[in-house]
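The values are calculated or read from the model by the stated rules, or taken from the named source; none is laboratory data. Being a predicted model, the structure only gives us computed values, none of them experimental. Cβ coordinates were reconstructed from backbone atoms using ideal geometry, including for glycine residues, and neighbour counts include every protein chain displayed.
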Amino acid sequence: MTDAFGCPADSPWPPKPFELDQYASIFIPLKTVLICGGAGFLGKHLIFNLCDSISELQVIRIVDRQKLPAAFRVPAAINKTGVQLEEYTGDLQNPDDIKDAFTNVDAVIHLAETSEASDRINENVLQMMKEHHVRILVYTSSAMCNRKWREVDNESEHEYDSVDDSEPLVLPSYGRSKLRSEWRIRALCREWKDLRALCLRPTGLYGEGDFICISMMLLKAKSNKGNMVQIGAGASPARIQRMYGGNCAWAHVLALRRMSLDSHSQ
């Protein structure tokens with residue numbers, strides 16, 4: 001016998017409809033999600049993707065030093081369940097500015113960080129999570145935390161997860177700050193057994209709302225008689241793959257959902 005898809009009735013494909021009942025013992029509903037540093041263009045993509053993809057979501061909170069632009073308001077065609085968007089303006093370096101934003105939060109997406117203040121910001125976010133018993137964290141790291149001056153095609157990231165001054169990173173300060181944050185989160189996972197955490201390492205982003213990547217490329221091309229500037233030369237030119245902001249946001253949504261179902265930290 002076959003099903004409606006032409007597959008054998010006992011076939012594992014296509015997958016059966018998703019049912020949360022089978023995960024009842026470990027499932028954490030994502031009713032309120034906090035985005036730290038969500039006023040940038042990646043934050044906008046995240047807001048739209050969360051509203052469109054997490055069925056039980058009720059509230060998205062944004063904590064950032066900047067006010068949210070009007071374009072961050074999600075149209076009703078996407079926000080079909082009426083998810084509320086709450087804004088907290090404050091500095092993540094100051095715990096008093098952000099403590100209220102963590103109240104009754106189910107998960108945190110940690111986007112905000114600068115290399116100069118990364119350690120302080122990271123510690124404040126983790127401390128607030130512990131105080132408010134927030135058990136899910138998706139941390140936005142960077143491919144620059146292990147990008148050195150040599151090709152890494154078809155190699156493992158684990159070979160590049162140490163800070164070795166004899167082989168400097170492409171962006172030393174920024175890359176090391178991201179790597180330190182990852183190490184701190186991994187250490188906290190060992191201390192706090194209920195924490196479910198995942199670190200993502202996107203490459204440089206582009207997309208709607210980005211005023212850096214594409215604009216910089218166009219300016220460089222304009223100054224070079226309309227031609228794009230090639231980075232590297234010879235038989236093995238330098239290469240870097242950019243990531244679309246919407247795809248990066250979707251990766252965060254998938255990570256959130258996985259963390260809400262899986263009791264193991266990554």
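Assorted remarks:
- Test result for D119, outside any loop (DSSP other than H, G, I, E, B), modelled with pLDDT of 90 or more and of a type outside the set (K, R): no
- For the stretch 204-229, a residue qualifies if it is of a type in the set (A, V, I, L, M) and either under 25 Å from A71 (Cα atoms) or modelled with pLDDT of 85 or more (or both), and the qualifying residues are L205, I212, I214, M216, M217, L218, L219, A221.
- Tally, over the stretch 29-66, of residues that are crowded, with 17+ Cβ neighbours inside 10 Å and in a strand (DSSP E or B): 10
- Residues satisfying the stated conditions in the stretch 131-146, i.e. in contact with a Leu (Cβ under 8 Å, 6 or more places away or on another chain), touching a residue at least 40 places away in the same chain (Cβ under 8 Å) and in a helix (DSSP H, G or I): C145
- Which listed residue, of S141, S166, is among the hydroxyl-bearing types (S, T, Y) and modelled with pLDDT under 75: S166
- Selection status of V83, touching a residue at least 60 places away in the same chain (Cβ under 8 Å) and crowded, with 17+ Cβ neighbours inside 10 Å: no
- Conditions (1) at pLDDT 70 or above; (2) surrounded by fewer than 14 Cβ atoms within 10 Å (Cβ to Cβ); number of the one not met by E159: (1)
- Looking only at residues of the stretch 178-219 that are in contact with a Ser or Thr (Cβ under 9 Å, 6 or more places away or on another chain) and acidic (D, E), we find that the one that is nearest to R147 (Cα to Cα) is E182.
- All positions within the stretch 67-104 that are among the β-branched types (V, I, T) and part of a loop (DSSP other than H, G, I, E, B): V74, I78, T81, V83, T103
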